[in-house]
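The values are calculated or read from the model by the stated rules, or taken from the named source; none is laboratory data. Remember, it's a predicted structure, so these values are computed and weren't measured experimentally. Glycine gets a Cβ as well: all are built from the backbone with ideal geometry, and neighbour counts include every protein chain shown.
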Amino acid sequence: MQEEKDEDARITGLDELPREILSAARDVGAGEEASRAGTFLQLDESAVFARVSELFEGKLEIMGMREALEKYGWLGEKYFRRLIGGDGDFMDGYFLRIMPGANVELPLQAIMFISKPGLKQRVRNLVIAEKGANARVITGCTLSTNAAQHFGVTEFFVEEGATLNFTMIHSWREDTKVRPVSAALVEDDATFVSNYICMRPARDLKMYPRAICRGRNSRANFNNLLYVTGDSSLDVGSMVKLEGANSKGEIISRTVAMGRSKVIVRGRLVGDNPKSRAHLECRGILQGDAKINAIPELVANSEGAELSHEAAVGKIAEKEIVYLMSRGLSRDEATSAIVRGFLDTSIMGLPKKLDEEIKGIVETTLGKL
Amino acid sequence: MGPLLQIRNLSVEVAGERLLEDINFDVERGQTNVIFGPNGSGKTSLINAIMGIPGYEVVGGTIIFDGKDITSLSLDEKVRLGIGVAFQNPPEIRGLKLRDMLKMCARKGLKEDLSEEELELAKRFNLTSMLDRDVNFNFSGGEKKRSEILQVLLMKPKLLILDEPDSGVDFESIVLIGSEIQSYLSRTGSSAIIVTHQGHILEHVEAHRGAVLMRGTIYCYGKPLEVLDSIKRKGYGGCEVCKRRRTRMQE
């Protein structure tokens, strides 16, 4: 019965989606299929669309997680649930595989959407960038309903010499509960960049993604931009564990907290290798009755590990507002310009076109608030 | 038409402390006034009070601009009436690109591009390579001054207020800043108030009137180069005993 229902839900193009779903998906980065190397869409419980653009056939694979597990028996042995265990049931998710040596110039996109009121969407995702592959992934998670919950587990494998730039955009409602869990394994000479943008935060969101730099010369960067309003409560952390020789890590967080929101921003760098280096930067501005608790942690387990951090939290500097007012902006316009500047996407290392797109999403969301 | 700016009996306090006392000061249309004064004499406070920077409370007197009483207007309202100010120590704003700041100054939307003419002006100020940098972040002293003047010129103000445009900058920057300011003033017939400590800018900008501000009040008015010459010879200590003290700007 369930399978029959899944079949019925399948679509052959994003333009078949109801307008309100498509519009909400666009707000979290869903682009025209022509501008993407491939597209995945999960609506509520099921993967309803997965397609690789013709130009990139043979370079990558996109499918629902359940289908991938059926197709490739070896996934279970080598990858699936290797970084994050668990034996619970799940409602599909995405499987993205970038083939060895493939250079995927256009971004791949995955959209997770909740339309059923009260749904607990539980998904498992798996992303593999095989040896020497180079790709950018943009995922958007959002909803059009109330009282929903989103539990996403994502495992990343960035194999030797591969580069994976993963950007996740969240847009929730004030009654949504969200629990994303993710882990990345970064091998020799590989780079993993994880960007997280949360523009419309949930009632309750907790996440603490981690990257393990196991390989020599491996590198992991986390960049988080959080815009938190109303009564939202966020607990967002990132962790980089440096096991490989010459491995490097960086965590940058920018948080704007307004209203009565409460934000905990964690960052943890663990230097296990004597030739490892990492830096953590956490900056926050707050207005109204908002609260920010920044918790940077440096754990050096090896004498040669070099770990550093800087953190600064406070209200928007009055002298900056005055400066912009002296250029003709009202106080509100000046505040807004400073917030926009603070949530600067150029820290995310995206290619120019994608950066402009993401910047546009941030601008649009701030404009609608 | 009367003067572009008329300040009458202006007294100003910050957090209850009197910083300016009974200031009288006019700027005629198309003319440039210079304010001299030692460190801590109240020059920047006077600019902040004219502009309506929050915290500077006018406790007496009036400020009339272009025939309108602007004493209690907010900073942005004054700017929109046509007063442009270049700060001595502008703050850095992370994430805000100089290019976008210039668009704001030119009253453009962020999606519009700067015009050829505006880009050409930025080029003359040697700031083309700074356009996509965060405003004032890691700018040298000279770059900050050039950026300030460029921003103000793009606002096309009727009155320019420049706080020490010539301090901490190299010789070439002073020549550049001075000649661009003078070119703008000559072309548009706008007026200016220039605060200067050492007077270098006066080699490139034609100034009509000067005043010495000390201990929060104006000690004298006179021809700018004469006042500057006197300060150079006798120092500000000479102003204390000068017979010109408290002479009104009548000549």
Considering only residues that are under 20 Å from B:Val227 (Cβ atoms) and out of contact with any strand residue (DSSP E or B) (no Cβ under 8 Å at 6 or more places or on another chain), which ones fall in the stretch B:166-209?
B:Asp166, B:Ser167, B:Ile174, B:Gly178, B:Gln182, B:Gln198, B:His200, B:Glu203, B:His204
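Looking at the stretch B:102-120 only, could you name the residues that are in contact with an Asp or Glu (Cβ under 8 Å, 6 or more places away or on another chain) and free of Cβ contacts under 8 Å to residues at least 40 places away in the same chain?
Let us first name the residues in the stretch B:102-120 that are in contact with an Asp or Glu (Cβ under 8 Å, 6 or more places away or on another chain), namely B:102-103, B:106, B:110.
Residues satisfying the conditions are B:Lys103, B:Leu110.
Only one of these is among the basic types (Lys, Arg) and at pLDDT 95 or above: B:Arg18, B:Arg94. Name it.
On the way: B:Arg94 fails: at pLDDT 95 or above.
None of the other options fit; the residue is B:Arg18.
Checking the conditions here, which among A:Ala110, A:Ala133 is modelled with pLDDT under 95 and buried (at least 18 other Cβ atoms within 10 Å of the Cβ)?
Details: A:Ala133 fails: modelled with pLDDT under 95.
When all the criteria are applied, what remains is A:Ala110.
What strands (runs of 3 or more DSSP E) completely inside the stretch A:155-215 contain at least 1 residues that are under 15 Å from A:Ile84 (Cα atoms) and among the aliphatic types (A, V, I, L, M)? Explain how you work it out, then say what you get.
Working: elements: A:163-171, A:177-186, A:191-200, A:204-207, A:210-213.
It comes to A:177-186, A:204-207, A:210-213.
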Within the stretch A:25-38, is even one residue farther than 23 Å from A:Ala135 by Cβ, touching a residue at least 60 places away in the same chain (Cβ under 8 Å) and in a loop (DSSP other than H, G, I, E, B)?
no
Select from the stretch A:42-94 the residues that are small (Gly, Ala, Ser) and surrounded by 14 or more Cβ atoms within 10 Å (Cβ to Cβ) and list them in ascending order.
A:Ser46, A:Ala47, A:Ala50, A:Ser53, A:Gly64, A:Ala68, A:Gly93
Out of the stretch B:191-232, which residues are in a loop (DSSP other than H, G, I, E, B) and either farther than 19 Å from B:Gly40 by Cβ or at pLDDT 95 or above (or both)?
B:His204, B:Val205, B:Glu206, B:Ala207, B:His208, B:Lys223
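Can you say whether B:Leu110 is surrounded by fewer than 17 Cβ atoms within 10 Å (Cβ to Cβ), farther than 30 Å from B:Leu5 by Cα and of a type in the set (A, V, I, L, M, F, W, C), as far as the supplied structure shows? Give the derivation first.
Numbers: surrounded by fewer than 17 Cβ atoms within 10 Å (Cβ to Cβ): yes; farther than 30 Å from B:Leu5 by Cα: yes; of a type in the set (A, V, I, L, M, F, W, C): yes.
Yes, satisfied.
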Looking for something among the acidic types (Asp, Glu), touching a residue at least 12 places away in the same chain (Cβ under 8 Å), at negative phi and in contact with a His (Cβ under 9 Å, 6 or more places away or on another chain) - is there at least one such residue anywhere in the stretch A:283-303?
yes
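Report, by residue number, each residue of the stretch B:104-129 that is in contact with a helix residue (DSSP H, G or I) (Cβ under 8 Å, 6 or more places away or on another chain) and of a type outside the set (A, V, I, L, M, F, W, C). Working first, answer last.
First pass over the stretch B:104-129, keeping only residues in contact with a helix residue (DSSP H, G or I) (Cβ under 8 Å, 6 or more places away or on another chain): B:104-106, B:109-110, B:112, B:114, B:118-119, B:121-122, B:124-128.
Those that are in contact with a helix residue (DSSP H, G or I) (Cβ under 8 Å, 6 or more places away or on another chain) and of a type outside the set (A, V, I, L, M, F, W, C): B:Gly109, B:Glu112, B:Glu118, B:Arg124, B:Asn126, B:Thr128.
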Please work out which residue is nearest to A:Arg219 (Cα to Cα), limiting yourself to the stretch A:165-183 and to residues that are over 12 Å from the mean Cα position of the chain (by Cα) and of a type in the set (A, V, I, L, M, F, W, C).
A:Val178
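Each row is one residue, and each column tells you yes or no for (1) closer than 30 Å to A:Thr191 by Cβ; (2) touching a residue at least 24 places away in the same chain (Cβ under 8 Å).
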position: A:Ala9; (1), (2): no, yes
position: A:Glu16; (1), (2): no, no
position: A:Val52; (1), (2): yes, no
position: A:Gly93; (1), (2): yes, yes
position: A:Ala102; (1), (2): yes, yes
I'm trying to understand the selection: among the residues of the stretch A:287-345, which are more than 14 Å from every other protein chain (Cβ to nearest Cβ), among the hydroxyl-bearing types (Ser, Thr, Tyr) and surrounded by 14 or more Cβ atoms within 10 Å (Cβ to Cβ)?
A:Ser302
Residues located in the stretch A:73-94, provided they are assigned to a loop (DSSP other than H, G, I, E, B), among the aromatic types (Phe, Trp, Tyr) and either outside the structural domain of A:His150 (by TED's automatic domain parsing) or closer than 23 Å to A:Arg214 by Cβ (or both)
A:Tyr79, A:Phe80
Every listed condition ((1) surrounded by fewer than 14 Cβ atoms within 10 Å (Cβ to Cβ); (2) of a type outside the set (S, T, N, Q); (3) at pLDDT 95 or above; (4) not in a loop (DSSP other than H, G, I, E, B)) holds for A:Arg97 save (1)
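Does the stretch B:46-54 include one or more residues that are part of a loop (DSSP other than H, G, I, E, B) and surrounded by 20 or more Cβ atoms within 10 Å (Cβ to Cβ)? It would help to see each step written out before you state the result.
Start the filter on the stretch B:46-54 by keeping residues that are part of a loop (DSSP other than H, G, I, E, B), which leaves B:52-54.
Of the ones still in play, those that are also surrounded by 20 or more Cβ atoms within 10 Å (Cβ to Cβ) are B:52-53.
Yes, because at least one residue in the stretch B:46-54 is part of a loop (DSSP other than H, G, I, E, B) and surrounded by 20 or more Cβ atoms within 10 Å (Cβ to Cβ).
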Quick one: A:Ala68 ticks every box in (1) at pLDDT below 95; (2) over 20 Å from the mean Cα position of the chain (by Cα); (3) of a type in the set (A, V, I, L, M, F, W, C) bar one, so which box is it?
(1)
Please go through the stretch A:228-256 and give me each residue that is surrounded by 24 or more Cβ atoms within 10 Å (Cβ to Cβ), of a type in the set (Ser, Thr, Tyr) and part of a strand (DSSP E or B), ordered by number.
A:Ser238, A:Ser253, A:Thr255
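Return the only residue of B:Asn33, B:Asn9, B:Asn24 being at positive phi and assigned to a strand (DSSP E or B). Walk me through it before giving the result.
On the way: B:Asn33 fails: at positive phi; B:Asn24 fails: at positive phi.
Answer to the check: B:Asn9.
Name the single residue, out of those in the stretch B:55-107 being acidic (Asp, Glu) and within 30 Å of A:Leu343 (Cα to Cα), that is nearest to the other protein chains (Cβ to nearest Cβ). Spell out how you get there, then give the answer.
Taking the stretch B:55-107 as the starting set, the residues that turn out to be acidic (Asp, Glu) are B:57, B:66, B:69, B:76-77, B:92, B:100.
Restricting the remaining residues to those that are within 30 Å of A:Leu343 (Cα to Cα) gives B:76-77, B:92, B:100.
Values: B:Asp76: 5, B:Glu77: 9, B:Glu92: 8, B:Asp100: 8 Å.
Here the residue is B:Asp76.
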So B:Leu110, is it within 9 Å of chain A (Cβ to nearest Cβ), assigned to a loop (DSSP other than H, G, I, E, B) and either among the hydrophobic types (A, V, I, L, M, F, W, C) or in contact with a Cys (Cβ under 6 Å, 6 or more places away or on another chain) (or both):
yes
